[in-house]
Amino acid sequence: MAGFRSLAALAAAGILVSGCAATTPPVDVTRFHNAEVVPIVPGTVEINASIADPGDSRELEYGTYSAAILRELQRLGFTDPFGDAESSEYVVRYTIDRAVLTAAGSRSPVSVGVGGSTGSYGSGLGLGIGINLGGRPKDRIVTELSVRISRRDNASVVWEGRASVEAKQGSPAAQPGLAASKLAAALFKDFPGVSGTTIRVP
């Protein structure tokens, strides 16, 4: 886990650089929670990213998203347990889904996932994903970040959200570093947000 955190720290620096290089399209955000009844009190948090193949070239991308999520949570008052992850009050799991949307709007199921699925509040609300290499005019990349925050002591889900952005294939906004920063910032904007409502974040 320490090595993964080091990787995430390096990825964070890359996010800051890439974030200055281009603007990104608006992000659609939906959150689910019960914070009006049981307020979410910030505490120590572990980013639980399970990588299926540690040698996979996507490992850097996963580190980028972990860094972006942790940075936003720290801004909200959550803290890193610093080497004692098992003592954290909260566990965060996230998934990344990416689609290549053709001009005809067709999609086939191909996905990249991290840390297990989400859906306790918003089950059945996932993004259809796929890839089509022959699209003209230029295909568009749809990237969705889903995050779930659970209490470690009883595994109850206290907050869940998803954010998606669409950008032209090959554009800076479609690159993982910039997408991670934009999606995480939009997802945690005005945390915890209005439950069950979809908003568009510029």
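The values are calculated or read from the model by the stated rules, or taken from the named source; none is laboratory data. Note that this is a predicted model, so its numbers are computed, not measured. Quick reminder, even Gly has a Cβ in these numbers, built from the backbone with ideal geometry, and neighbours come from all protein chains shown. What goes into the accessible areas is simple: the full protein's heavy atoms, side chains included, and nothing from ligands, DNA or RNA. Shrake-Rupley method; radii C 1.70, N 1.55, O 1.52, S 1.80 Å.
Points worth noting:
- Whole-Hz couplings from phi, Karplus 6.51/-1.76/1.60, listed for the stretch 169-183; x for Gly and Pro: 4, x, 7, x, 5, 8, 6, x, x, 6, 4, 4, 5, 5, 5
- Local net charge near Thr197, Cβ-Cβ under 12 Å (Lys/Arg +1, Asp/Glu -1): 0
- In sequence order, the stretch 74-79 has phi-based couplings of 5, 4, 8, x, 6, 10 Hz under the Karplus curve 6.51 cos²θ - 1.76 cosθ + 1.60, θ = phi - 60°, and Gly or Pro positions carry x.
- Interchain or long-range residues, amide H under 5 Å from Lys168's placed H: Ile141
- Accessible surface of the stretch 136-202, 1.4 Å probe, proportion on carbon and sulfur as whole %: 50
- Full extension of the chain between Val41 and Val201 gives 55.2 nm of extra length, using 0.36 nm per residue less the Cα-Cα distance.
- Relative protection proxy for 39-46, 169-176, from highest mean packing down: 169-176, 39-46 (other beta-carbon atoms within 10 angstrom).
- Residue ranges 188-196, 93-101 sort as 93-101, 188-196 when ordered by packing (mean number of other C-beta atoms within 10 Å per residue, highest first).
- Backbone amide hydrogens, once placed in the peptide plane, bring Trp159 within less than 5 Å of Ile149, excluding anything fewer than 5 places away on its chain.
- At R0 = 35 Å, FRET efficiency that the Cβ-Cβ distance of Asp28 and Glu59 yields, to 0.05: 0.80
- Highest-first arrangement of 68-80, 156-168, where packing means the average Cβ count within 10 Å: 156-168, 68-80
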